[in-house]
Every structure is written in C-alpha cells, then in structure tokens.
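Visitor: Below is a structure I'd like to ask you about.
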Amino acid sequence: MARNSQETPAELQQIENAEWRESLDYVLQTQGPERVRQILRLLQVRAQEQGVSIPFTANTPYLNSIPRSRQPVYPGDRELERRIKSIIRWNAMAMVVRANQLSPGIGGHISTFASAATLWEVGFNHFWRGRTEEFLGDMVFFQGHASPGVYARAFLEGRLSEEDLKGFRRELRPEKGGLSSYPHPYLMPDFWEFPTVSMGLTSLCAIYQARFNHYLVDRGLRKSSGRKVWAMLGDGEMDEPESLGAITLAAREQLDNLIFVINCNLQRLDGPVRGNGKIIQELEAAFRGAGWNVIKVIWGDDWDRLLEADSSGKLVQRMEEVVDGEMQRFIVGNGAYVREHFFGKYPELLELVEGYSDEQLGQLTRGGHDPDKVYAAYRAAVEHKGSPTVILAQTVKGYGLGEAGEGKNITHAQKKLNEEELKAFRTRFNIPIGDTEIAETPFYRPAEDSPEIAYLRERRRALGGTLPKRHNASYPMACQTEEIIREYFEGSGERPLATTMAYVHLLAKLLRDAEFGKLIVPIVPDEARTFGMESLFRQAGIYSHVGQLYEPVDKGSLLFYNEKKEGAILEEGISEAGALASFIAAGSAHANNGVQTVPFFTFYSMFGFQRVGDLIWQACDCRARGFLVGATAGRTTLAGEGLQHQDGQSQVLAMAPTRVKAYDPAFAYELAVIVHDGLTRMYCHQEDWIYYLTVMNETYPMPPMPKGAGVREGIVRGMYRFARSSLKGKRPRAHLLGSGAILNEALKARQILESQFKVAADVWSVTSYKELYSDAIECERWNLLHPGKKAKVPYLGQLLAKESGVFVAASDYLKLLPASLAKWLPGPLHCLGTDGFGRSDSRERLRDFFEVDARYIALAALRQLALAGEIPAETVEKALVDFAINPDKLNPHKD
C-alpha cells in the first residue's frame, strides 16, 4: 500500500493496524482458525527472539466468545418465550412483594432473578433435561437467591398453586405450610435437589458431584448417559475461597459433564463486585488458567452492528477500558449519558452512533439478556468435549425494576415496590393486570389452553419433564450385618488395639460384603497411612478416571499406591472441603443418582466440624446419609501434634446439626454396634441420618462386650454401666462417667478410689452425650406440652433411677459436653475435660496438663463426696498431696 509522506505517526499506525487485521481476516477465510493460531504463535516466537517481552495474559478481548457469524439459529418461538418469561418475572416479583406486605421485613430477593431470568429460561426451554424412565436427567444447582423464579415457573407448570405462592417464606402457616426461602431439600424433599444458598459451596459441590457421576460410571454402578451438571452462580459469590478452590480438579478430571453459568450482574449486596476492575476478565483468567473452556456472553445483538461498522478499533478499545463501576452507571443513566460518557470519549465513536437516538443507546442490551447469545453459549457448552465449561454472562441486577432498583447498589435488598413502580413493571412486561388490582400485587396465570401454557408444557415434555424434582430411590439394604460385627464382641485378648485399627478392620470387612460392599465409598483427604488405612489401597483401589499412567515408587511393596479406574477409594488430597463435597454426593446418591452408595469419610477429627462445619450442615440439608469418622481424635489422645491438631471440640460442635448422631466409642465392640446401628437405620430402614464417630490412635487391649442386660441398647442410646463396684455394703459411692480413651482413666480412678479410700465406684461408658441430651430434651418438651399426662422419663433418668452418690464425668472434649446432662442426673456432677489449646507432648503429660487422668478423676470424686458430707475434707487435701498434683501448675483454661 502506498504511503503518503505527509501522514502522521498516528495515521500510519492506523493504516498498519488495518493491514494486519485484513491479513488475519484473509488467512482465517482461506485457511481456517488453526492456521491463524499457527501464525500468531510464530509471531510470538519471533518477537521473543528479537528481545520483545510479551506480557502474560490469560484474557481474550472483552467481546463475546461466539461471534454473530457462528451463532446457531434459535430453535424456539422467541415471542412466546418472551411472554412466558415476563409472566414468570411478574409472579416472582409479586411473591416477594406480597410476602413483605403480609409480614414486613420477612425478606426475599427480587433483583437476582430479574437479572438471571433469560439465563434460566433458555435453560428450561431448550437444555435442562428432566428425569425419565431411561434417563436420570440433568442436575441443576439453582442460585439460591433467585428461588422465586423457580417457584414462579412451577406455578405456571401447575406444580405449585397460588396458595403455595402465598406461603413463600411462611413455612409455619397452620395446616398449609409454605415455600422455603431458598432451595432446601430438607424442607421440601420432593422439590429441591441441592441446597445452594451458603455462598461458595455451590461451586465446590457441583464440581465434586460431576466427578462423582464419572466415578459411578467408571465403577460400573450406573450406565453412562451424558447427563450434565449445571451450576447457576453469581459473580459476587465467586469471592468465596471455596468457589474457585477446586476448579483445577474439574479440569484435571476432564469433567466435560460440568457447566458453570456465572451471572455477572456486576453487583453484590453492598455495591460493585469489582468497581475498579472487570470481574468477567478476572474470572476468565482464573478459569482459563485452570484449564476450563471459557465462553463470554457480554454484549447483546444490537452491539454486533456497531462492532461490524467500527473500522477504527476504538469500540473494542473503549469496551476494554470501561471498568465495572462505570458499566453500572450506564444502566442508571439515560441514553444521553451513555452517548456522552461511553461513546463521547473518542470522536470515532460519536461518529459511529450518529444515527442512533438517545433512546436507542439507552436500550443497548447486555449479553445475558439476549436469548440468541445465551442459546449459542449453552449449545457450545453442551457440545464441548474434554474439559468443563464456564459461561460468563453479563447482566443487569434488578433488570426490569426501573427506578425501583435497576442497576442500583440497593437493589439486592429490594423487597417492596410502591404502586407506581408496580404499574411501571407491569407495563414494561405487558402483564394484563388493571390499575384497580395493582396495589394487591396479584399473581397471574394464563388460561390452561393458552398458547403460553401449551408452549411451556410442550417444551418440558420434549426435555423429559419438570425440574427441579427430587426422586428418592432408596430401598431396604444392609439388613443382615449382625454376623459381620459379631467377632468384635469377643475383645482382642492381650493384644492392644486402637479404635482406629478396629474401624479400618471393620471397613475392610464391609467392603467385602456380597450385598452392599461394592456400594461403599471410602473417602479420605490424604491421611490414609496416618489412619492405618493403606491396606485398603490394594483391596479396594484408589479411584482415578484415567487409571494409573505411571509406576508408583512403592510398586514392589504389598501396600503400594494403587490407582485404577474402577477404584473405590476417593483420595481427595489435602482438602477436607473437597472430601466433604464428595461425601455429600455419595450420601445423596439415592436421591440424585438412583444408586444407594454408603460413604465412609475418614479425616483428622480436628479438621472436620471445625473446618467444614458449613458443609456438614449442607449435607444434612441434602438429607445425605453416611458415616463421618473423626480419626486421631481426642485432645490428649493425639500425642505430640499440638495446638492446631488436637481435637477437643468436635463432639461439642456435632451437637448442632439435628440429623447428626455423634458417638465417642472406647472399645471395638462399641464401635461395631454403632456402625451396625447406622447401617440398619440409614440403609435398612432408610432414615436420613449422618453418623459421626471419633476413633483414637491409642492402643490398649479391647475387652469383650459385657454380658449384662441393656448393654447393647445403652451403647446406641448413649450410656451403659461398664463396671460395678466390687465393694459391698453401705459406703460412700461415686459414679465415674468416661468416654473414648478417657474411659480407661475412669477405670484406673475406680481402682484408686476403692483400694485407697474404700469408696464404691461404678464406671459408666458414655458413648454419646448427644444421644442422651437429645432424648432428655425430647422428654422435657413432651412433658411441657402434655401437662395432664404421665410425665416421660429420659433414658438417662431410667438408667440412674435407683442410683445414689456423686457423679464425675471425664472426656477428651470440652467440659461443656458432660455439663449438658447435669440437670438430669440424680446427684451432683463434676465435669473434667480439655478446655484450652493443645500442646505437643506425651499422653501422660497432656492428661496431667488438662487434668483428666485417673488422679484428677479420683480427686474430683473425693471432692464431691466431701461436699456431700460423705467423707472428711481432710481426705481431699491428703489425696492432693498423695497424687502429686501441683495446684500451681499451668492452667489449661488460660495458659
């Protein structure tokens, strides 16, 4: 091209830019995209050879990933779908507004679904498949704050009635009930499949759910069907560490059955997600760097014409420059504001929009509100192979709310609209409701034979049926496990064992069971060798979707690291959160996968309830079933590890989730009875429970199960008498309550009391403080509400009805745990526990430091007896000296 010598450097650059673009267009048209990539790579290499440093970027230009030329033809009736979507928008808004008119301040969210409506409706109409006899259906994790949109659609489908919608956030209406605020399978077990409103957990759970779906197929537990896992997320929640914490796993595992749709409305609760940056570009870099297929849906169709007409490149430059805080301003401002502040920066852009009115500029849409753009992205996502896909769709928060909150910082909390705002909303979306009715915010549903209802139902029929819809496919299983556990009733003789060892031995036996062994899912976060579980590597194998592509360094050993495609063990690496997400997927498989798997998640007990308590709460909401096993448990039992590892609180934290049964067994037979009870209740009787067991690494001989009546019942219900006093006749009496490894200290204290002080001492094994407490408060509640009937007596009261004396409870957990039972005991209680931070030392010194060894148990019993007037006070003082207890020692509560 001839150059004019009078051209300025800037003009020359524009000409060169145009030439480069024309050359690239020619290569693309004649040789295709692969040749373009080759040339770009050659240019990059050449630049580096010449010493030009090319900055790293994981970003593509701030444009739609799919140009208009590659968009498929939209298959649906756009006008009917727009009409249906408008009605759903109205009913979703009306649901929240009405709820707050009836009960001011009851809450709810309008703006999230307002921004996501197109993203969801394209899915409902064209992609999200329901469950049929032949197909399990797609899994959709619906963004929790947009739940009114799902309820509003279910209303049009006839699944929910108008009365149901009136019950939004009013679940306790007498005889009517209501709709839960967010997706909660625990509260609506036939409707919601996945709880999603604890920010950050949806992403994590969706990833591990998609991986678990592969696991089931690879192990031959169900057939491959091509089902997809869709996670509908918000850009604000991606700040939670859990949201992005597992995205590399999804790529590493080649989860092309997983699709994230991130609704980038640029706003969170208080303000912009990234006011001074661009959240879409930030997320693109994170996901592309992790190996995901990224599809950006930023600009609506009306921007395509502007981009095609722009020969200067200034429009893309301006799109790149504008930060999200400014993009938010363009929603609040009018068309004149957009002309001045977006296009007005460069003369070329003002010239580009000369033929546009201010009204037209004000109506330029974001990509997430354009069904054509969304459909193209979804279709590309479902057809993509080899890696997961994330769709980053830009929308407007509060879309359609106008002055009531569209694009404003306050829109997340918007729950009320005045009459004029309701009229504006109605008019914008053409809802046939008159001015005289508008103040009551009525729901609207077209006639049963209307085109809208007919179309909506036809689309769902074509896709297999409605969703969300939870299907419970559980059946009686594991009803004959008595023989499996019988050997543990005999004890170990002189051979010392840890309860962890007994647990691993029992798990190995269960894995061999002909009926359900193949359904057991052992889960461990990279601590299998710590827990003595390496023997399972060979027996069950470690799951890997690609098998084992290398020879492990310990291949020649008996217990080598054995990865295989059909492996049963989920070795999750150092990620308790990921392992718990796998537990949720396995524990809810009877409802979400039609397979009744039995998860055993074994972990460092300190890093269970304390670290991933929110996920355990979510597991309960999912109605998950399975075993959580806190290994290396007990603050004084785990010697040497110190402050960050020694667990003295998990049994207390386990008190909170009502669907968790928590046990702290001391002996192998107790453990076996509890596991048997769990299998029976969860899988034979199909009850929704999670069993939490703490097991220890301290070894000692395991005694046989006592022969007395009520022992087995007591193990399950929380307490039984392990040993009666050997002393006869009337004398001072103490009852020593022990649990876990500390039960052995109670037995030693019994010997001290009886041999040195002639105090009769019974030892009780407390397997579950929570079971005792739960039973007691249930009785207390029944008695309160039935004053005219015979009072119920808690199991603890029945057990101790004929007992007298003082009580001392010692455990490896906080004193709060036994203190929860004090009011139901027939005598005074002294609690010993491990309040305070752990230390690195031996068990002996730890138990002295935390004051839970046999000496302190005996001392506490003597102190209680002295207070009761049963023995002289001097006896306690002498015992303190005889036991070599230093009153001025370090205080575990403070030091």
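Visitor: Those residues that are of a type in the set (A, V, I, L, M, F, W, C), closer than 30 Å to Glu253 by Cβ, part of a helix (DSSP H, G or I) and touching a residue at least 60 places away in the same chain (Cβ under 8 Å), I need them from region 287-308; list them, please.
Guide: Phe287
Visitor: Taking the stated definitions as given, is Glu157 at pLDDT below 95, of a type in the set (Asp, Glu) and more than 25 Å from the chain's Cα centre (by Cα)?
Guide: Working: at pLDDT below 95: no; of a type in the set (Asp, Glu): yes; more than 25 Å from the chain's Cα centre (by Cα): yes.
Taking the combined requirement at face value, the residue does not satisfy it.
Visitor: Identify all residues within region 175-201 that are more than 14 Å from Arg470 (Cα to Cα) and in a loop (DSSP other than H, G, I, E, B); write none if there are none. If you could, list the steps in order and put the result at the bottom.
Guide: Filtering region 175-201 for residues more than 14 Å from Arg470 (Cα to Cα) gives 175-182, 196-201.
If the condition is that a residue be more than 14 Å from Arg470 (Cα to Cα) and in a loop (DSSP other than H, G, I, E, B), then Glu175, Lys176, Gly177, Gly178, Ser180, Ser181, Tyr182, Thr196, Val197, Ser198, Met199, Gly200 are the ones that fit.
Visitor: Further, regarding this structure: Among what's in region 213-229 and is touching a Leu at 6+ places or on another chain (Cβ under 8 Å) and over 19 Å from Gly547 (Cα atoms), pick the residue that is surrounded by the fewest Cβ atoms within 10 Å (Cβ to Cβ).
Guide: Initially, region 213-229 is screened for residues touching a Leu at 6+ places or on another chain (Cβ under 8 Å), giving 214-215, 221-222, 225, 227-229.
After this cut, where a residue has to be over 19 Å from Gly547 (Cα atoms) as well, the list is 225, 227-229.
On the way: Ser225: 14, Arg227: 16, Lys228: 20, Val229: 27.
Top of the filtered list is Ser225.
Visitor: Looking at region 610-622, is at least one residue over 28 Å from His471 (Cα atoms), touching a helix residue (DSSP H, G or I) at 6+ places or on another chain (Cβ under 9 Å) and of a type outside the set (S, T, N, Q)?
Guide: If we filter region 610-622 for residues that are over 28 Å from His471 (Cα atoms), which is where we start, we get 610-611.
Those left that are additionally touching a helix residue (DSSP H, G or I) at 6+ places or on another chain (Cβ under 9 Å): 610-611.
Add one more test, that the residue is of a type outside the set (S, T, N, Q), and what stays is 611.
There is at least one residue in region 610-622 that is over 28 Å from His471 (Cα atoms), touching a helix residue (DSSP H, G or I) at 6+ places or on another chain (Cβ under 9 Å) and of a type outside the set (S, T, N, Q).
Visitor: Failed condition for Gln209, given (1) farther than 20 Å from His471 by Cα; (2) polar (S, T, N, Q); (3) within 14 Å of the chain's Cα centre (by Cα), with all others met?
Guide: In the conditions (1) farther than 20 Å from His471 by Cα; (2) polar (S, T, N, Q); (3) within 14 Å of the chain's Cα centre (by Cα), Gln209 misses (1) alone.
Visitor: Name every residue in region 309-353 that is outside any helix (DSSP H, G or I) and more than 25 Å from Arg21 (Cα to Cα), in order of residue number. It would help to see each step written out before you state the result.
Guide: Initial filter on region 309-353 (outside any helix (DSSP H, G or I)): 310-313, 322-323, 333-334, 342, 346, 353.
Hits for region 309-353 are Val323, Gly333, Asn334.
Visitor: Follow-up question, since we're still on this one. Could you check, for region 339-346, whether at least one of its residues is surrounded by 22 or more Cβ atoms within 10 Å (Cβ to Cβ), under 30 Å from Val140 (Cβ atoms) and in contact (Cβ under 8 Å) with a residue 12 or more places away in the chain?
Guide: At the first step, the residues of region 339-346 found to be surrounded by 22 or more Cβ atoms within 10 Å (Cβ to Cβ) are 342-343.
Now narrow it down to the ones that are under 30 Å from Val140 (Cβ atoms): none.
Checked against the condition, which is being surrounded by 22 or more Cβ atoms within 10 Å (Cβ to Cβ), under 30 Å from Val140 (Cβ atoms) and in contact (Cβ under 8 Å) with a residue 12 or more places away in the chain, region 339-346 yields no hits at all.
Visitor: Quick check: anything in region 761-784 among the basic types (Lys, Arg), without any contact (Cβ under 8 Å) to a residue 24 or more places away in the chain and loosely packed, with under 13 Cβ neighbours inside 10 Å?
Guide: Scanning region 761-784, I find at least one residue that is among the basic types (Lys, Arg), without any contact (Cβ under 8 Å) to a residue 24 or more places away in the chain and loosely packed, with under 13 Cβ neighbours inside 10 Å, so the answer is yes.
Visitor: Answer yes or no: is there a residue in region 534-551 that is of a type in the set (A, V, I, L, M, F, W, C), in contact with a Ser or Thr (Cβ under 6 Å, 6 or more places away or on another chain) and in the same structural domain as Ala581 (by TED's automatic domain parsing).
Guide: Scanning region 534-551 turns up no residue that is of a type in the set (A, V, I, L, M, F, W, C), in contact with a Ser or Thr (Cβ under 6 Å, 6 or more places away or on another chain) and in the same structural domain as Ala581 (by TED's automatic domain parsing).
Visitor: Could I ask something else about it? Across region 200-212, what is the number of residues that are buried (at least 21 other Cβ atoms within 10 Å of the Cβ) and either aliphatic (A, V, I, L, M) or at positive phi (or both)?
Guide: 5
Visitor: Conditions: (1) on the phi < 0 side of the Ramachandran plot; (2) surrounded by 19 or more Cβ atoms within 10 Å (Cβ to Cβ). Arg169 meets all but one. Number of the miss?
Guide: Checking Arg169 against (1) on the phi < 0 side of the Ramachandran plot; (2) surrounded by 19 or more Cβ atoms within 10 Å (Cβ to Cβ), the one that fails is (1).
Visitor: Residues in region 724-747 that are under 17 Å from Leu800 (Cα atoms) and free of Cβ contacts under 8 Å to residues at least 40 places away in the same chain: how many?
Guide: Of the residues in region 724-747, 2 are under 17 Å from Leu800 (Cα atoms) and free of Cβ contacts under 8 Å to residues at least 40 places away in the same chain.
Visitor: Give me a count of the residues in region 535-565 that are under 22 Å from Glu487 (Cβ atoms) and either hydrophobic (A, V, I, L, M, F, W, C) or assigned to a loop (DSSP other than H, G, I, E, B) (or both).
Guide: Counting residues in region 535-565 that are under 22 Å from Glu487 (Cβ atoms) and either hydrophobic (A, V, I, L, M, F, W, C) or assigned to a loop (DSSP other than H, G, I, E, B) (or both) gives 2.
Visitor: Could you check region 710-739 and list, in sequence order, the residues that are part of a loop (DSSP other than H, G, I, E, B) and closer than 30 Å to Met477 by Cβ? So that I can check it myself, show each step before the final result.
Guide: At the first step, the residues of region 710-739 found to be part of a loop (DSSP other than H, G, I, E, B) are 710, 718, 724-732, 739.
Hits for region 710-739 are Gly710, Gly718.
Visitor: Follow-up. Going by the conditions given, is Ile207 among the aliphatic types (A, V, I, L, M), touching a Ser or Thr at 6+ places or on another chain (Cβ under 7 Å) and closer than 26 Å to Val122 by Cβ? Lay out the reasoning, then the answer.
Guide: Details: among the aliphatic types (A, V, I, L, M): yes; touching a Ser or Thr at 6+ places or on another chain (Cβ under 7 Å): no; closer than 26 Å to Val122 by Cβ: yes.
Spelling it out, it is not the case that Ile207 is among the aliphatic types (A, V, I, L, M), touching a Ser or Thr at 6+ places or on another chain (Cβ under 7 Å) and closer than 26 Å to Val122 by Cβ.
Visitor: Taking only region 70-86 into account, find how many residues are outside any helix (DSSP H, G or I) and of a type in the set (A, V, I, L, M).
Guide: The qualifying residues number 1.
Visitor: Still on this structure, please answer the following. Given the structure, is His184 surrounded by fewer than 24 Cβ atoms within 10 Å (Cβ to Cβ) and touching a Pro at 6+ places or on another chain (Cβ under 6 Å)? Walk me through how you get there before you give the answer.
Guide: On the way: surrounded by fewer than 24 Cβ atoms within 10 Å (Cβ to Cβ): yes; touching a Pro at 6+ places or on another chain (Cβ under 6 Å): yes.
For His184, the condition - surrounded by fewer than 24 Cβ atoms within 10 Å (Cβ to Cβ) and touching a Pro at 6+ places or on another chain (Cβ under 6 Å) - is met.
Visitor: So which of Ala709, Ala749 ends up being closer than 19 Å to Val808 by Cα and either at pLDDT 95 or above or not β-branched (Val, Ile, Thr) (or both)?
Guide: Numbers: Ala709 fails: closer than 19 Å to Val808 by Cα.
Within the list Ala709, Ala749, the selection yields Ala749.
Visitor: What number of residues in region 225-248 are closer than 23 Å to Glu383 by Cα, among the polar types (S, T, N, Q) and assigned to a helix (DSSP H, G or I)?
Guide: Going through region 225-248 one residue at a time, the tally reaches 1.
Visitor: From the residues in region 14-69 that are assigned to a loop (DSSP other than H, G, I, E, B), under 47 Å from the mean Cα position of the chain (by Cα) and of a type in the set (Gly, Ala, Ser), which one is nearest to Lys373 (Cα to Cα)?
Guide: Ser65
Visitor: Read through the list (1) closer than 30 Å to Leu80 by Cα; (2) in contact with a His (Cβ under 9 Å, 6 or more places away or on another chain); (3) surrounded by fewer than 23 Cβ atoms within 10 Å (Cβ to Cβ); (4) of a type outside the set (Lys, Arg), then give the number of the only condition that Glu326 fails.
Guide: Going through (1) closer than 30 Å to Leu80 by Cα; (2) in contact with a His (Cβ under 9 Å, 6 or more places away or on another chain); (3) surrounded by fewer than 23 Cβ atoms within 10 Å (Cβ to Cβ); (4) of a type outside the set (Lys, Arg) one by one, Glu326 breaks only (1).
Visitor: Working carefully through the options Ile39, Ile54, find the one that is free of Cβ contacts under 8 Å to residues at least 60 places away in the same chain and under 30 Å from Gly277 (Cβ atoms).
Guide: Ile54
Visitor: Do you know which of the residues in region 624-643 that are surrounded by fewer than 24 Cβ atoms within 10 Å (Cβ to Cβ) and out of contact with any helix residue (DSSP H, G or I) (no Cβ under 7 Å at 6 or more places or on another chain) is farthest from Phe609 (Cα to Cα)?
Guide: Here the residue is Gly640.
Visitor: Take the residues in region 122-138 that are small (Gly, Ala, Ser) and part of a loop (DSSP other than H, G, I, E, B), then tell me which one is surrounded by the most Cβ atoms within 10 Å (Cβ to Cβ).
Guide: Gly137
Visitor: Kindly check whether there is at least one residue in region 260-280 that is modelled with pLDDT of 95 or more and within 28 Å of Gln548 (Cα to Cα).
Guide: no
Visitor: I've got another one for you. Could you figure out which of (1) part of a helix (DSSP H, G or I); (2) closer than 19 Å to Pro525 by Cα; (3) not charged (D, E, K, R) isn't true of His590?
Guide: (2)
Visitor: Go through region 151-174 and give me each residue that's part of a helix (DSSP H, G or I) and closer than 18 Å to Glu458 by Cα.
Guide: Within region 151-174, Ala152, Arg153, Ala154, Phe155, Leu156, Glu157 meet the criteria.
Visitor: Considering each of Ile484, Ile523 in turn, give the residue that is more than 22 Å from Thr632 (Cβ to Cβ), touching a residue at least 24 places away in the same chain (Cβ under 8 Å) and outside any loop (DSSP other than H, G, I, E, B).
Guide: That would be Ile484, the only listed residue that is more than 22 Å from Thr632 (Cβ to Cβ), touching a residue at least 24 places away in the same chain (Cβ under 8 Å) and outside any loop (DSSP other than H, G, I, E, B).
The values are calculated or read from the model by the stated rules, or taken from the named source; none is laboratory data. All values reported here derive from a predicted model rather than from experimental measurement. Counting neighbours? That spans all protein chains shown, and the Cβs are built from the backbone with ideal geometry, glycine included.
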